[in-house]
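Asks: Below you'll find the structure I mean.
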Amino acid sequence: MWPFLYFAGDRLTEAELRAALLDGDLVDIGEGFMPADAVETPEMRAASLLPLTGGHRALTHVSAAWVYGVRHEPPLVHTLQRATATRASFPLDARVRFRDLALPEADVTQIGGVLVTTPVRTFVDLVRRQVATGTADATIAAFLRWRPSLREDGLRWLDACGPVHHKRPARDELLLGAARGAARDQDAELRTS
């Protein structure tokens, strides 16, 4: 597995890992621990959630955003979705919100041996959830700072995908955001000229 990633009962007991955490030798990451001087990469973040995902569930929404480094702290409840055509056991865990609808293969990538929704799918899912709940999500703005092209990529994804919940309002939100961004750019250009 990962030489710099420790899980309770793997190479060390829970007590040994907690003692190393208290000593400052280890820091917690996802469902495991890593050396305090190791670099926290997307691969390490994803691999740290392998005990939750198994090999057939993909990290989605804010869990995927954390893997990409767009979100600085992992969520308290991780979001997972089936990434294979065949159904498997449902994870009974209070730390997991699971959706048993298979993700299209094109919407999933592998990072650190763990399946994760692609950046564009993650972004669109967050926008769809925002319009469904009516609550602002700072992770969406962080995604756009990380990769500004996601707004246009998200619009293309919505245009190409089949029926999904909250498709129209999400598309309207992305178009409105693009119009706001264009107005800000034009205003900034006028100020500098």
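Asks: Please determine, in degrees from 0 to 90 and to the nearest 10, the orientation of helix 150-160 with respect to the longest principal axis defined by the Cα atoms of the chain, where the helix direction is its Cα long axis.
Replies: In the chain, helix 150-160 runs at an angle near 80 degrees to the longest axis.
Asks: With a Förster radius of 25 Å, plug the Cβ-Cβ distance of ARG156 and GLU40 into 1/(1 + (r/R0)^6) and report the FRET value to the nearest 0.05.
Replies: My answer for the efficiency is 0.20.
Asks: In debye, nearest 20, what is the charge dipole magnitude of region 9-52 about its Cα centre with +1 on Lys and Arg Cβ and -1 on Asp and Glu Cβ, if you could check?
Replies: 100
Asks: Which one, THR109, THR84, THR135, has the greatest fluctuation when you compute a Gaussian network model over the chain with C-alpha springs under 10 angstrom?
Replies: Most flexible of the set in this elastic network: THR135.
Asks: If you scale each eigenvalue of the Cα gyration tensor by 5 and take the root, what three semi-axes come out for region 9-105, rounded to whole angstrom and sorted largest first?
Replies: Computed over region 9-105, the values are 27, 15, 11 Å.
Asks: Give me P(r) over the chain, computed from all C-alpha to C-alpha distances, binned every 5 Å, as integer percentages.
Replies: 1, 7, 14, 17, 17, 14, 10, 7, 5, 4, 2, 1, 0
Asks: How large is ³J(HN,Hα) for each residue in region 31-44, as worked out from phi by the Karplus curve 6.51 cos²θ - 1.76 cosθ + 1.60 (θ = phi - 60°), to whole Hz, x for Gly and Pro?
Replies: Result, rounded to whole Hz: 9, x, 9, 9, x, 4, 9, 7, 7, 7, 9, x, 5, 5.
Asks: Further, regarding this structure: Which residue, LEU101, GLY24, GLY9, has the largest displacement toward the positive end of the dipole of region 1-135 when charges sit on each Cβ (Lys, Arg +1; Asp, Glu -1)?
Replies: My answer, from the dipole projection, is LEU101.
Asks: Sequence-distant or interchain residues sharing an amide H contact under 5 Å with LEU115, placed H: which?
Replies: Under 5 Å from the amide H of LEU115 lie the amide H atoms of LEU59, each far enough along the sequence or on another chain.
Asks: 5 Å is the cut-off here: which amide hydrogens, built 1.01 Å from N in the peptide plane, fall below it relative to VAL108, excluding neighbours closer than 5 in sequence?
Replies: Those qualifying (amide H under 5 Å, at least 5 residues apart or on another chain) are THR118.
Asks: With an 8 Å cut-off on Cα pairs and a minimum separation of 6 or more residues, tell me the relative contact order of region 105-167 in percent.
Replies: Answer for region 105-167 is 31 percent.
Asks: Among DSSP bridges having both ends in the chain, what percentage is antiparallel? Round to the nearest 5.
Replies: Counting only bridges with both partners in the chain, antiparallel ones make up about 65 percent.
Asks: Relative contact order of region 50-102: what whole-number percent is it, with Cα pairs under 8 angstrom and at least 6 residues apart? If you can, show how the numbers build up before the last one.
Replies: Numbers: 72 pairs, mean separation 18.5, N = 53.
RCO, region 50-102: 35 percent.
Asks: OK, next. What whole-number value in Å² describes the accessible area per residue of the chain for a 1.4 Å probe?
Replies: On the way: 10750 Å² over 193 residues.
Solvent-accessible surface per residue comes out at 56 Å².
Asks: Something else now. What net charge is computed for the residues neighbouring HIS61, neighbours being all others with C-beta under 11 Å from the C-beta of HIS61, Lys and Arg scored +1, Asp and Glu -1?
Replies: Numbers: positive: ARG71, ARG97, ARG99, ARG121, ARG128, ARG129; negative: ASP125, ASP137.
Neighbourhood net charge equals +4.
Asks: Let me ask another. Which residue, ARG71, ARG97, ARG11, has the most motion in a Gaussian network model of the chain that connects Cα atoms within less than 10 Å?
Replies: Fluctuation is largest for ARG11.
Asks: Mean separation of Cα pairs under 8 Å and 6+ residues apart, divided by the residue count of the chain: what relative contact order is that in percent? Before the final figure, lay out the partial values.
Replies: Working: 253 pairs, mean separation 29.8, N = 193.
Worked out over the chain, it gives 15 percent.
Asks: Projected onto the charge dipole of the chain (+1 at Lys/Arg Cβ, -1 at Asp/Glu Cβ, origin at the Cα centre), which of ALA170, LEU115, TYR68 gives the Cα projection farthest towards the positive end?
Replies: Among ALA170, LEU115, TYR68, the one farthest towards the positive end of the dipole of the chain is ALA170.
Asks: Just to be sure I understand: with springs between alpha-carbon atoms less than 10 Å apart, which residue in GLY113, GLY24, GLY154 has the highest mean-square fluctuation in the Gaussian network model of the chain?
Replies: GLY24
Asks: Here's another thing I want to ask about it. Rounding to the nearest 20 debye, state how big the charge dipole of the chain is about its Cα centre with +1 on each Lys and Arg Cβ and -1 on each Asp and Glu Cβ.
Replies: With Lys and Arg at +1 and Asp and Glu at -1, about 860 debye.
Asks: Can you list the residues, at least 5 places off or on another chain, whose amide H is less than 5 Å from the amide H of HIS78, using H built in the peptide plane?
Replies: VAL96, ARG97
Asks: Rounding to the nearest 10 and keeping the result within 0 to 90°, find how far the Cα-based axis of helix 119-133 lies from the longest principal axis of the chain.
Replies: For helix 119-133, the angle is close to 70 degrees.
Asks: Sticking with this one: Take every Cα-Cα pair in region 108-157 and report what % of them are more than 18 Å apart.
Replies: On the way: 408 of 1225 pairs.
Of the Cα pairs, 33 percent sit more than 18 Å apart.
Asks: Work out the FRET efficiency for ALA138 and PHE98 from their Cβ-Cβ distance, taking R0 = 30 Å, and round it to the nearest 0.05.
Replies: 0.80
The values are calculated or read from the model by the stated rules, or taken from the named source; none is laboratory data. All figures in this text were calculated on a predicted structure; none of them were measured in a lab. With ideal geometry, Cβ positions are generated from the backbone for all residues, glycine too; neighbour counts draw on all protein chains shown. Calculation scope for accessible area: heavy atoms of the full protein, side chains included, ligands and nucleic acids excluded. Shrake-Rupley method; radii C 1.70, N 1.55, O 1.52, S 1.80 Å.
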